[in-house]
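K.L.:
My questions will all concern the structure given below.
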Amino acid sequence: MEAVENSVFVSVEEYLAGELESEMRHEYLGGTVYAMAGASRDHNTVAGNLFSALRSHLHGKPCRTFISDIKVRLRIGGDDIMYYPDVMVTCDPRDTDRYFSRFPKVLIEVLSPETERTDRREKFLSYTQIETLEEYVLVAQDKMEVTVFRRANKWQPEIANKPDLQLRLPSLDFALPLSAVYEGVKV
């Protein structure tokens, strides 16, 4: 991620107002705004497959599924932080803001060469501080590999990397074969 302006502090209010007008998405870390890289077709396809399957599975239940344009908002060490996860599921009735979630249950990031390091380190450390988060999922786009971190498993990784294996999200009573996760993508 590259900072838009290194020397100027941007308030949360200025950031949120700017995002409504911006053609490009930005993430926010304690007063600094970072431009986000664009996504590849494979990235978009994988995120879409996951969103579609989760949305269908959760139809009629109190959970809501969002894809890429809704932020997750955190407060860590006195700093406000806002990221755009690729897919997010929130089930908490306290989540009423129009543009972000504070109480997600599941967060999914589709990895790319530009974001993998941030997704595996910075976002992992940030996301696992969220009181309501049950599962954090990392999905490779260039190979068949899904890593799931679960609160119930003390955030230890579980890796699935074969077409007959499943992405399992017990917090949502959800399972999807990796072949469906990667449908339309050559891996």
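Just so you know, all these numbers are worked out from the coordinates, no wet-lab data involved. If you're wondering where the values come from, they're calculated on a predicted model, not measured in any experiment. Don't worry about glycine lacking a Cβ; one is built from the backbone with ideal geometry, like all the others, and counts go over all protein chains shown.
Residues checked against (1) touching a residue at least 24 places away in the same chain (Cβ under 8 Å); (2) in contact with a Cys (Cβ under 6 Å, 6 or more places away or on another chain):
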| residue | (1), (2) |
| --- | --- |
| Cys91 | yes, yes |
| Arg98 | no, no |
| Arg102 | yes, no |
| Arg117 | no, no |
| Thr132 | yes, no |
| Glu135 | yes, no |
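K.L.:
Any residue in region 169-187 that's more than 24 Å from Cys63 (Cα to Cα): show its pairings with residues that are of a type outside the set (A, V, I, L, M, F, W, C) and part of a helix (DSSP H, G or I) at Cβ separation under 6 Å, as long as the two are six or more apart or on different chains.
P.N.:
Glu183/Asn49; Gly184/Thr45; Val185/Asp42; Val185/Thr45
K.L.:
Quick one: Ser112 ticks every box in (1) free of Cβ contacts under 8 Å to residues at least 60 places away in the same chain; (2) closer than 23 Å to Ala140 by Cα; (3) of a type in the set (Ser, Thr, Tyr) except a single one, so which number is it?
P.N.:
(1)
K.L.:
I need a count of the residues in region 30-80 that are surrounded by 15 or more Cβ atoms within 10 Å (Cβ to Cβ), within 21 Å of Phe103 (Cβ to Cβ), touching a residue at least 24 places away in the same chain (Cβ under 8 Å) and of a type in the set (Val, Ile, Thr).
P.N.:
Residues meeting the conditions: 3.
K.L.:
Considering Val72, Val33, Val8, Val89, which residue is assigned to a strand (DSSP E or B), farther than 28 Å from Ala175 by Cα and among the β-branched types (Val, Ile, Thr)?
P.N.:
One residue alone meets the criteria, Val33.
K.L.:
Here is a further query. Can you pull out every residue in region 86-115 that is surrounded by fewer than 18 Cβ atoms within 10 Å (Cβ to Cβ), under 20 Å from Gly48 (Cα atoms) and of a type outside the set (Ser, Thr, Tyr)?
P.N.:
Result: Pro113, Glu114.
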